[in-house]
Amino acid sequence: MSEIDQYAVFGSPIKHSKSPRIHQLFAEQTQQVMQYTALLVPADKFDLELKGFFAKGGRGLNCTVPLKELAWESAEIRTERAELAKAVNTLLVQKDGRILGDNTDGIGLVTDLQDNHGIELKQKRVLILGAGGASRGIILPILEESPASITIANRTVEKALTLADEFSHKGSVVGSSYADLAGQNFDLILNATSASLSDELPPLASGILAEQGSCYDLAYANKPTAFVRWAREQQASKSLDGLGMLVEQAAEAFYLWRNVRPDTAPVIQMLEAERNS
(Lines give C-alpha, C1' and ligand atoms only; values in the text may rest on other atoms or scores of the structure.)
Protein backbone atom coordinates (compact mmCIF):
# COMPACT_ATOMS: atom_id res chain seq x y z
CA MET A 1 0.00 0.00 0.00
CA SER A 2 1.02 3.62 -0.36
CA GLU A 3 2.69 5.66 2.38
CA ILE A 4 -0.68 7.18 3.23
CA ASP A 5 -2.20 5.27 6.16
CA GLN A 6 -4.95 2.99 4.88
CA TYR A 7 -8.28 2.27 6.56
CA ALA A 8 -11.42 0.58 5.28
CA VAL A 9 -14.85 -0.73 6.10
CA PHE A 10 -15.64 -4.35 5.23
CA GLY A 11 -19.25 -5.42 4.72
CA SER A 12 -21.80 -7.06 2.48
CA PRO A 13 -23.70 -5.11 1.26
CA ILE A 14 -21.48 -2.03 1.49
CA LYS A 15 -22.44 0.28 -1.39
CA HIS A 16 -24.79 2.32 0.81
CA SER A 17 -22.15 2.94 3.51
CA LYS A 18 -21.70 6.51 4.71
CA SER A 19 -18.49 5.58 6.57
CA PRO A 20 -15.99 6.69 3.86
CA ARG A 21 -17.62 10.11 3.71
CA ILE A 22 -17.71 10.45 7.50
CA HIS A 23 -14.06 9.49 7.96
CA GLN A 24 -12.97 11.74 5.09
CA LEU A 25 -14.70 14.66 6.83
CA PHE A 26 -13.05 13.72 10.14
CA ALA A 27 -9.62 13.53 8.46
CA GLU A 28 -10.02 16.92 6.79
CA GLN A 29 -11.23 18.49 10.02
CA THR A 30 -8.34 17.11 12.10
CA GLN A 31 -5.70 17.38 9.34
CA GLN A 32 -4.95 13.68 9.34
CA VAL A 33 -3.30 12.17 6.26
CA MET A 34 -5.18 8.92 5.67
CA GLN A 35 -7.35 7.11 3.15
CA TYR A 36 -10.57 5.23 3.96
CA THR A 37 -12.40 3.00 1.49
CA ALA A 38 -15.49 0.75 1.48
CA LEU A 39 -14.81 -2.83 0.39
CA LEU A 40 -17.39 -5.48 -0.45
CA VAL A 41 -16.36 -8.51 1.61
CA PRO A 42 -18.72 -11.49 1.96
CA ALA A 43 -18.42 -13.62 5.10
CA ASP A 44 -16.73 -16.53 3.34
CA LYS A 45 -13.91 -14.25 2.15
CA PHE A 46 -13.43 -12.36 5.41
CA ASP A 47 -10.35 -14.13 6.77
CA LEU A 48 -8.53 -13.91 3.44
CA GLU A 49 -9.35 -10.23 2.90
CA LEU A 50 -8.50 -9.36 6.50
CA LYS A 51 -5.05 -10.95 6.34
CA GLY A 52 -4.39 -9.35 2.96
CA PHE A 53 -5.40 -5.88 4.14
CA PHE A 54 -3.13 -5.92 7.18
CA ALA A 55 -0.29 -7.68 5.33
CA LYS A 56 -0.22 -4.75 2.89
CA GLY A 57 0.15 -2.28 5.73
CA GLY A 58 -3.46 -1.43 6.53
CA ARG A 59 -3.76 0.34 9.88
CA GLY A 60 -7.38 -0.20 10.87
CA LEU A 61 -10.73 -1.59 9.82
CA ASN A 62 -14.41 -1.18 10.49
CA CYS A 63 -16.60 -4.25 10.06
CA THR A 64 -20.33 -4.16 9.53
CA VAL A 65 -23.05 -6.72 8.77
CA PRO A 66 -22.50 -9.68 8.55
CA LEU A 67 -18.89 -9.59 9.72
CA LYS A 68 -18.87 -8.34 13.32
CA GLU A 69 -18.81 -11.80 14.90
CA LEU A 70 -16.04 -12.91 12.52
CA ALA A 71 -14.07 -9.78 13.41
CA TRP A 72 -14.50 -10.67 17.09
CA GLU A 73 -13.01 -14.10 16.43
CA SER A 74 -10.09 -12.65 14.47
CA ALA A 75 -9.03 -10.10 17.11
CA GLU A 76 -5.93 -11.15 19.02
CA ILE A 77 -6.95 -9.02 22.01
CA ARG A 78 -10.29 -7.38 22.80
CA THR A 79 -11.62 -4.56 24.95
CA GLU A 80 -14.09 -5.50 27.69
CA ARG A 81 -17.01 -4.01 25.77
CA ALA A 82 -16.05 -6.04 22.69
CA GLU A 83 -15.58 -9.19 24.75
CA LEU A 84 -19.07 -8.97 26.26
CA ALA A 85 -20.66 -7.89 22.98
CA LYS A 86 -19.15 -10.93 21.20
CA ALA A 87 -18.98 -8.61 18.21
CA VAL A 88 -16.29 -6.24 16.92
CA ASN A 89 -16.83 -3.31 14.58
CA THR A 90 -13.34 -1.77 14.88
CA LEU A 91 -9.94 -3.40 14.41
CA LEU A 92 -6.57 -1.71 14.73
CA VAL A 93 -2.94 -2.71 14.60
CA GLN A 94 -1.20 -1.96 17.90
CA LYS A 95 2.43 -0.90 18.21
CA ASP A 96 3.37 -4.48 19.08
CA GLY A 97 1.76 -5.70 15.86
CA ARG A 98 -1.19 -7.44 17.50
CA ILE A 99 -4.71 -6.74 16.27
CA LEU A 100 -7.02 -5.16 18.85
CA GLY A 101 -10.77 -5.57 18.51
CA ASP A 102 -13.24 -3.06 19.94
CA ASN A 103 -16.96 -2.39 19.68
CA THR A 104 -17.76 1.33 19.43
CA ASP A 105 -21.50 0.95 18.75
CA GLY A 106 -22.63 1.26 22.36
CA ILE A 107 -20.48 4.24 23.24
CA GLY A 108 -21.64 5.86 19.98
CA LEU A 109 -25.25 5.41 21.05
CA VAL A 110 -24.66 6.69 24.59
CA THR A 111 -22.79 9.75 23.31
CA ASP A 112 -25.56 10.58 20.84
CA LEU A 113 -28.27 10.17 23.48
CA GLN A 114 -26.60 12.15 26.26
CA ASP A 115 -24.34 14.70 24.57
CA ASN A 116 -26.33 15.44 21.41
CA HIS A 117 -29.91 15.04 22.64
CA GLY A 118 -29.73 15.57 26.40
CA ILE A 119 -31.29 12.18 27.19
CA GLU A 120 -29.78 11.12 30.51
CA LEU A 121 -29.55 7.42 31.33
CA LYS A 122 -28.87 7.62 35.07
CA GLN A 123 -31.72 6.01 37.05
CA LYS A 124 -33.84 5.64 33.91
CA ARG A 125 -35.90 2.56 33.02
CA VAL A 126 -34.57 1.41 29.66
CA LEU A 127 -36.28 -1.02 27.28
CA ILE A 128 -34.26 -2.64 24.49
CA LEU A 129 -36.24 -4.29 21.69
CA GLY A 130 -34.49 -7.34 20.26
CA ALA A 131 -31.88 -9.74 21.62
CA GLY A 132 -29.52 -9.99 18.66
CA GLY A 133 -26.08 -8.59 17.98
CA ALA A 134 -27.18 -4.95 17.90
CA SER A 135 -28.60 -5.27 21.43
CA ARG A 136 -25.54 -7.12 22.71
CA GLY A 137 -23.28 -4.29 21.55
CA ILE A 138 -25.05 -1.53 23.48
CA ILE A 139 -25.85 -3.10 26.87
CA LEU A 140 -22.55 -2.60 28.71
CA PRO A 141 -22.07 1.09 27.76
CA ILE A 142 -25.66 1.78 28.88
CA LEU A 143 -25.12 -0.05 32.17
CA GLU A 144 -22.00 2.03 32.80
CA GLU A 145 -24.29 5.10 32.93
CA SER A 146 -26.19 3.61 35.95
CA PRO A 147 -29.73 3.24 34.64
CA ALA A 148 -32.40 2.03 37.09
CA SER A 149 -32.89 -1.08 34.96
CA ILE A 150 -32.65 -2.55 31.48
CA THR A 151 -35.38 -4.80 30.11
CA ILE A 152 -34.68 -6.78 26.94
CA ALA A 153 -37.76 -7.85 24.97
CA ASN A 154 -37.64 -10.40 22.18
CA ARG A 155 -40.06 -12.55 20.17
CA THR A 156 -38.16 -15.63 21.37
CA VAL A 157 -38.17 -14.90 25.08
CA GLU A 158 -35.44 -17.48 25.80
CA LYS A 159 -32.96 -15.39 23.82
CA ALA A 160 -33.85 -12.31 25.87
CA LEU A 161 -33.47 -14.22 29.14
CA THR A 162 -30.11 -15.66 28.11
CA LEU A 163 -28.77 -12.27 27.01
CA ALA A 164 -29.97 -10.60 30.21
CA ASP A 165 -28.25 -13.29 32.26
CA GLU A 166 -24.92 -12.65 30.49
CA PHE A 167 -24.94 -9.01 31.63
CA SER A 168 -26.67 -9.36 35.01
CA HIS A 169 -23.35 -9.16 36.88
CA LYS A 170 -22.99 -5.59 35.58
CA GLY A 171 -26.37 -4.24 36.66
CA SER A 172 -30.13 -4.77 36.67
CA VAL A 173 -30.94 -6.54 33.39
CA VAL A 174 -34.00 -8.72 32.79
CA GLY A 175 -35.45 -10.53 29.78
CA SER A 176 -39.08 -10.36 28.70
CA SER A 177 -41.55 -11.32 26.02
CA TYR A 178 -43.30 -8.50 24.14
CA ALA A 179 -46.64 -9.53 25.66
CA ASP A 180 -45.31 -9.12 29.21
CA LEU A 181 -44.41 -5.48 28.58
CA ALA A 182 -48.07 -4.46 28.83
CA GLY A 183 -48.69 -2.46 31.98
CA GLN A 184 -45.03 -1.52 32.40
CA ASN A 185 -43.51 1.94 31.88
CA PHE A 186 -40.15 2.87 30.37
CA ASP A 187 -38.32 6.20 30.16
CA LEU A 188 -36.34 5.20 27.07
CA ILE A 189 -37.18 2.61 24.41
CA LEU A 190 -34.41 1.53 22.03
CA ASN A 191 -35.25 -0.40 18.88
CA ALA A 192 -32.37 -2.78 18.19
CA THR A 193 -34.37 -5.14 15.95
CA SER A 194 -33.99 -5.34 12.18
CA ALA A 195 -37.71 -4.60 11.70
CA SER A 196 -37.03 -1.05 10.49
CA LEU A 197 -35.09 -2.36 7.49
CA SER A 198 -38.40 -3.66 6.13
CA ASP A 199 -40.42 -0.76 7.59
CA GLU A 200 -42.06 -3.02 10.15
CA LEU A 201 -42.65 -2.65 13.87
CA PRO A 202 -42.07 -5.04 16.79
CA PRO A 203 -45.37 -6.06 18.49
CA LEU A 204 -45.53 -3.22 21.01
CA ALA A 205 -48.41 -2.40 23.31
CA SER A 206 -49.52 1.20 23.58
CA GLY A 207 -48.88 3.01 26.85
CA ILE A 208 -45.50 1.47 27.73
CA LEU A 209 -43.65 4.75 27.15
CA ALA A 210 -43.53 6.89 30.28
CA GLU A 211 -44.65 10.50 30.16
CA GLN A 212 -41.80 12.59 28.71
CA GLY A 213 -40.10 9.35 27.64
CA SER A 214 -37.94 9.10 24.54
CA CYS A 215 -37.56 6.57 21.72
CA TYR A 216 -34.51 5.80 19.61
CA ASP A 217 -34.20 3.54 16.57
CA LEU A 218 -30.67 2.21 16.05
CA ALA A 219 -31.43 2.01 12.32
CA TYR A 220 -31.58 5.13 10.18
CA ALA A 221 -33.22 6.02 6.89
CA ASN A 222 -34.04 9.05 4.79
CA LYS A 223 -37.66 8.85 5.96
CA PRO A 224 -38.93 8.19 9.51
CA THR A 225 -38.85 4.47 10.31
CA ALA A 226 -41.95 2.58 11.47
CA PHE A 227 -40.61 2.73 15.03
CA VAL A 228 -40.00 6.49 14.89
CA ARG A 229 -43.56 6.94 13.59
CA TRP A 230 -44.89 4.75 16.44
CA ALA A 231 -42.93 6.83 18.95
CA ARG A 232 -44.54 10.00 17.65
CA GLU A 233 -47.99 8.42 18.05
CA GLN A 234 -47.07 7.64 21.66
CA GLN A 235 -46.24 11.34 22.22
CA ALA A 236 -42.55 10.62 22.85
CA SER A 237 -40.67 13.73 23.91
CA LYS A 238 -37.98 12.72 21.39
CA SER A 239 -38.33 10.28 18.48
CA LEU A 240 -34.88 9.69 17.04
CA ASP A 241 -33.09 7.38 14.65
CA GLY A 242 -29.51 6.14 14.51
CA LEU A 243 -27.81 8.66 12.22
CA GLY A 244 -26.10 10.35 15.16
CA MET A 245 -25.04 6.98 16.57
CA LEU A 246 -23.47 6.15 13.18
CA VAL A 247 -21.34 9.30 13.32
CA GLU A 248 -20.47 8.95 17.01
CA GLN A 249 -19.36 5.31 16.73
CA ALA A 250 -17.22 6.34 13.76
CA ALA A 251 -15.67 9.14 15.84
CA GLU A 252 -14.77 6.64 18.56
CA ALA A 253 -13.09 4.38 15.98
CA PHE A 254 -11.27 7.39 14.50
CA TYR A 255 -10.00 8.30 17.97
CA LEU A 256 -8.76 4.75 18.56
CA TRP A 257 -6.88 4.81 15.25
CA ARG A 258 -5.51 8.37 15.22
CA ASN A 259 -5.59 9.47 18.90
CA VAL A 260 -7.47 12.58 17.79
CA ARG A 261 -11.14 13.16 18.63
CA PRO A 262 -13.08 14.84 15.81
CA ASP A 263 -15.97 17.26 16.27
CA THR A 264 -19.05 15.27 15.30
CA ALA A 265 -21.62 18.09 15.35
CA PRO A 266 -20.88 19.56 11.88
CA VAL A 267 -20.78 16.09 10.32
CA ILE A 268 -24.14 15.11 11.81
CA GLN A 269 -25.62 18.45 10.71
CA MET A 270 -24.36 17.93 7.17
CA LEU A 271 -25.80 14.42 6.89
CA GLU A 272 -29.10 15.55 8.41
CA ALA A 273 -29.35 18.41 5.92
CA GLU A 274 -28.62 16.09 3.01
CA ARG A 275 -31.30 13.58 3.87
CA ASN A 276 -33.86 16.33 4.48
CA SER A 277 -33.14 18.09 1.19
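The values are calculated or read from the model by the stated rules, or taken from the named source; none is laboratory data. Just so it is clear, the model here is predicted, and its values are computed rather than measured. Note that we place each Cβ from the backbone using ideal geometry, even for glycine, and neighbour counts take in every protein chain shown. Ligands, DNA and RNA are excluded from the accessible area calculation, which covers all protein heavy atoms including side chains. Shrake-Rupley method; radii C 1.70, N 1.55, O 1.52, S 1.80 Å.
Seen against the Cα atoms of the chain and their longest principal axis, helix 133-143 is set at about 80 degrees.
Look at the dipole of the chain built from charges on Cβ: of Gln31, Leu100, Ala265, the Cα furthest out on the positive end belongs to Gln31.
Scaled against the 2.2 N^0.38 Å expected of a compact globular protein of N residues, the Cα radius of gyration of the stretch 135-185 reads 1.08. The GNM of the chain, with springs linking C-alpha atoms under 10 angstrom apart, assigns the highest mean-square fluctuation among Lys95, Lys122, Lys56 to Lys95.
Which shape class applies to the stretch 78-162: rounded if a/c is under 1.5, otherwise prolate when a/b exceeds b/c and oblate if not, where a ≥ b ≥ c are the square roots of the Cα gyration tensor eigenvalues?
Details: a/c = 2.62, a/b = 1.40, b/c = 1.87.
Oblate, since a/c reaches 1.5 and b/c is not below a/b.
For the chain, find the longest principal axis of its Cα atoms and tell me its angle to the long axis of helix 46-55, 0 to 90°, nearest 10. For 46-55 against the chain, the angle is about 40 degrees. Largest GNM mean-square fluctuation among Thr193, Thr156, Thr104, using the chain with Cα springs under 10 Å: Thr156. Shape class of the stretch 145-267 from the alpha-carbon gyration tensor: oblate, with a/c at 1.5 or above and b/c at least as large as a/b.
Defining a contact as two alpha carbons under 8 Å apart and six or more residues distant in sequence, what relative contact order in percent does the stretch 87-245 show? Please list the in-between numbers first.
Values: 316 pairs, mean separation 29.7, N = 159.
Rounded, it is 19 percent for the stretch 87-245.
Taking the longest Cα principal axis of the chain as reference, the axis of helix 157-167 is set at about 60 degrees.
Over the chain, accessible surface divided per residue gives 47 Å², non-protein components excluded, 1.4 Å probe. In whole percent, how big is the carbon plus sulfur part of the accessible area of the chain, probe 1.4 Å, protein atoms only? Heavy-atom surface of the chain belonging to carbon and sulfur, 1.4 Å probe: 48 percent. Comparing mean-square fluctuations of Ala27, Ala179, Ala253 from a GNM of the chain with C-alpha springs under 10 Å, the top value falls on Ala179.
When the square roots of the Cα gyration tensor eigenvalues are ordered a ≥ b ≥ c, the ratio a/c for the chain is 1.5 or more and a/b exceeds b/c, which makes its shape prolate.
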